[in-house]
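The values are calculated or read from the model by the stated rules, or taken from the named source; none is laboratory data. Keep in mind that what you see is a predicted model, and the values were worked out from it rather than measured. Please note: Cβ atoms are built from the backbone with ideal geometry, for glycine as well, and neighbour counts cover all protein chains shown. Heavy atoms of the whole protein, side chains included, go into the accessibility calculation; ligands, DNA and RNA do not. Shrake-Rupley method; radii C 1.70, N 1.55, O 1.52, S 1.80 Å.
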Amino acid sequence: MSQLLNQMVESRQLSASDAKWLLERQGSGDEDRYATEPEVLRWLAQEYAVSFTDLEEVDIHRDVLGLFPARLLLKEGLLPLKRENGAVDIATSRLFATQGLDTLKSLTGLKLNPVLAPSEAIQREIKKRLGVGADTIDTLKDDASFQIVDEQATEHTDLDNAAEDASIIRFVNQVLSDAIDLRATDIHLEPFEEELQIRYRIDGVLQEVPVPAEIKRFQPAIVSRVKILSHLNIAEKRLPQDGRIKLKLRQGEVDVRVSIIPMLHGEAVVMRLLRQDGSIPGLDQIGMGQEELKLFKQILTIPHGIFLVTGPTGSGKTTTLYTALNTINDMARKIITVEDPVEYQIRGINQIQVSEKSGLTFARGLRAILRHDPDVVLIGEIRDEETARIAIQASLTGHLVFSTLHTNDAPSAMTRLIDMGIEPYLVASSLEGVLAQRLVRTLCPHCREQDKSERVKAMLESAKIPPGTPLYKAVGCRECRQTGYHGRRAVFEMMGVSYPIRQRILQNASSGELKELARKEGMRTLSQDGWRLVEEGVTTPDEVMRVAKDEVLSNL
């Protein structure tokens, strides 16, 4: 408690005399009442006869916000709430820091009534109401020396100077920092006729980010700033460009892959955020069911063959493969990877970064590493027949090969390789197992509620979940940004290549026939594994249907 009070005194939220009085209350049974900032602020509001709000259900009008400079509100941590009888209620967490309120009074001539609120809630609402980078846009509006770049201009356009403006730099930095804090995997800057829309992909779903309405005016300079950071040609605006940015943060490094494509109303930017030093989960921590995990461990013990992980982009394939490599990584094996990009760096594993510009493709890199006497090889992705053929030859010559493939389910991987031009006998003799996976969002623990609807009861019967098992639904709260979900878990479809399956591959069986045979042998499909997580209360039926909809509907 004393540490909290000291911090509040230093930030001028509390007077020294008030802090001393509260400290003296320790031991009287009241100390637990003032263990958090909101509790202390509630007491302070009573003592000084001011209002208190937690800002949970507050209705803030934009016209009230427009009365005050955004950068001053952000700097001082002040949030205008409402205007009544010529006075404006202003939320603040620092009752004794009067400088900000005094400045606002002198600027507007309005009477201001302080209302105490938690500092975290104020910052959250300011960002929500004003948008990301509101202070920098406000600065740009007031800067008469700053000239906006005209997208249609062909002469006298100084993109360098515009993009190097301090406020533009700060705005781009704020967008990147905000996305990383929110666990986003992608940032989308999308130009439309009257707005520049910014969206983050969080837990696999795009969410719109509030930004100031004036941001559209600065769109060309913002895109140019991203180009400068990515070492791209800022003068080229008619062709797609790809680049990368390296960020260093307190918690580690982030590799940002940048893609810029000309659209109807300007250039669209997508930035993929790859956390370089993300921790790799253990084999028992990736969330597999017991049978799938048992088969996975068996495959990792074989000396040679191919193991494929399939699924769409962003389904966690690379994390699963690195978990496998980390499990078998020891001094007795030489492991080499060829990837685009290298997402994790692991001690003891030799990693190669694919570079199309320099001519280092997957196929060329794979040929080279086979001369380096590897025991285990990881190919980031099998994209074409050449790479697939080299991978199969490597597996037949005594190497254990891991790779990824884009297919809808595990059985489709066999037919996909054959469609690429690989002979069925080579697929049958080299393939040892296929793992299909998807990521489902997990329920927010703070707001999930039991779902007792008739639709869910019908799902219980179709999914063969024991009657009476509680199923939950997403609600939405402050902790999960009103989505009802926080974090993701993988659902798996593990298919071992048994002798009967090899025989059917040689007979050019369809993926449907292979799937039916694998199910008879005990393979659990993606939707069946999803229902396992539903039964455990980890996710919702809607999430399972989202990632395996066709399969779920065919089983209902």
Complete set of residues in segment 258-290 that are among the β-branched types (Val, Ile, Thr) and either in contact (Cβ under 8 Å) with a residue 60 or more places away in the chain or crowded, with 17+ Cβ neighbours inside 10 Å (or both): Val258, Ile260, Val269, Val270, Ile280, Ile286
Selection count, segment 174-202, where residues are under 14 Å from the mean Cα position of the chain (by Cα) and assigned to a strand (DSSP E or B): 7
Pairs where the first residue, in segment 164-185, is under 16 Å from His486 (Cβ atoms) and the second is assigned to a helix (DSSP H, G or I), C-beta under 9 Å, 6+ apart: Ala184/Asp178; Thr185/Ala179
Every pair of residues 6+ apart whose Cβ atoms lie under 9 Å, when the first sits in segment 540-554 and is under 22 Å from Arg448 (Cβ atoms) while the second is at pLDDT 80 or above and of a type in the set (Phe, Trp, Tyr): Thr540/Tyr472; Thr540/Tyr485; Pro541/Trp531; Glu543/Tyr485; Val544/Trp531; Val552/Trp531
Qualifying residue in segment 447-459 (condition: of a type in the set (Lys, Arg), on the phi < 0 side of the Ramachandran plot and outside any loop (DSSP other than H, G, I, E, B)): yes
Condition met for Asp255 (at positive phi, within 19 Å of the chain's Cα centre (by Cα) and open to solvent by less than 80 Å² (accessible area, probe 1.4 Å)): no
Matching residues, segment 495-508, being open to solvent by 10 Å² or more (accessible area, probe 1.4 Å) and out of contact with any Leu (no Cβ under 7 Å at 6 or more places or on another chain): Ser498, Tyr499, Arg502, Gln503, Leu506, Gln507, Asn508
Selected residue (only one of Val342, Val309, Val338 is among the aliphatic types (A, V, I, L, M) and farther than 30 Å from Gly487 by Cβ): Val338
Breaking point among (1) closer than 25 Å to Glu479 by Cα; (2) acidic (Asp, Glu); (3) out of contact with any strand residue (DSSP E or B) (no Cβ under 7 Å at 6 or more places or on another chain); (4) open to solvent by 30 Å² or more (accessible area, probe 1.4 Å), for Glu193: (1)
All positions within segment 512-525 that are surrounded by fewer than 23 Cβ atoms within 10 Å (Cβ to Cβ), part of a helix (DSSP H, G or I) and not charged (D, E, K, R): Gly512, Leu517
The listed residue being modelled with pLDDT under 90, open to solvent by 40 Å² or more (accessible area, probe 1.4 Å) and either within 26 Å of Asp203 (Cα to Cα) or within 31 Å of the chain's Cα centre (by Cα) (or both), out of Arg455, Arg489: Arg455
Residue that is surrounded by the most Cβ atoms within 10 Å (Cβ to Cβ) [pool: residues in segment 17-63 that are polar (S, T, N, Q), out of contact with any strand residue (DSSP E or B) (no Cβ under 9 Å at 6 or more places or on another chain) and modelled with pLDDT of 80 or more]: Thr36
Which numbered condition Arg481 fails, given (1) under 28 Å from Phe296 (Cβ atoms); (2) under 29 Å from the mean Cα position of the chain (by Cα); (3) surrounded by fewer than 21 Cβ atoms within 10 Å (Cβ to Cβ): (1)
When residues of segment 281-319 are limited to those that are among the polar types (S, T, N, Q) and in contact with a helix residue (DSSP H, G or I) (Cβ under 9 Å, 6 or more places away or on another chain), the one farthest from Thr539 (Cα to Cα): Thr301
Qualifying residue in segment 520-529 (condition: within 21 Å of Ser430 (Cα to Cα), over 28 Å from the mean Cα position of the chain (by Cα) and without any contact (Cβ under 8 Å) to a residue 60 or more places away in the chain): yes
When residues of segment 448-468 are limited to those that are hydrophobic (A, V, I, L, M, F, W, C) and out of contact with any helix residue (DSSP H, G or I) (no Cβ under 7 Å at 6 or more places or on another chain), the one farthest from Met288 (Cα to Cα): Ala458
Some residue of segment 225-236 being acidic (Asp, Glu), open to solvent by 60 Å² or more (accessible area, probe 1.4 Å) and either at pLDDT 90 or above or touching a Gly at 6+ places or on another chain (Cβ under 9 Å) (or both): no
Within segment 460-486, tally of residues that are in contact (Cβ under 8 Å) with a residue 12 or more places away in the chain, assigned to a loop (DSSP other than H, G, I, E, B) and within 19 Å of Gln207 (Cβ to Cβ): 7
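Yes/no per residue for (1) over 27 Å from Leu182 (Cα atoms); (2) not aliphatic (A, V, I, L, M):
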{"residue": "Glu267", "(1), (2)": "no, yes"}
{"residue": "Leu274", "(1), (2)": "no, no"}
{"residue": "Gly282", "(1), (2)": "no, yes"}
{"residue": "Glu291", "(1), (2)": "yes, yes"}
{"residue": "Thr301", "(1), (2)": "yes, yes"}
All positions within segment 196-206 that are surrounded by 15 or more Cβ atoms within 10 Å (Cβ to Cβ) and either within 25 Å of Thr442 (Cβ to Cβ) or modelled with pLDDT under 90 (or both): Arg199, Tyr200, Arg201, Ile202, Asp203, Gly204
Arg502 being under 23 Å from Leu308 (Cα atoms), more than 24 Å from the chain's Cα centre (by Cα) and modelled with pLDDT under 95: no
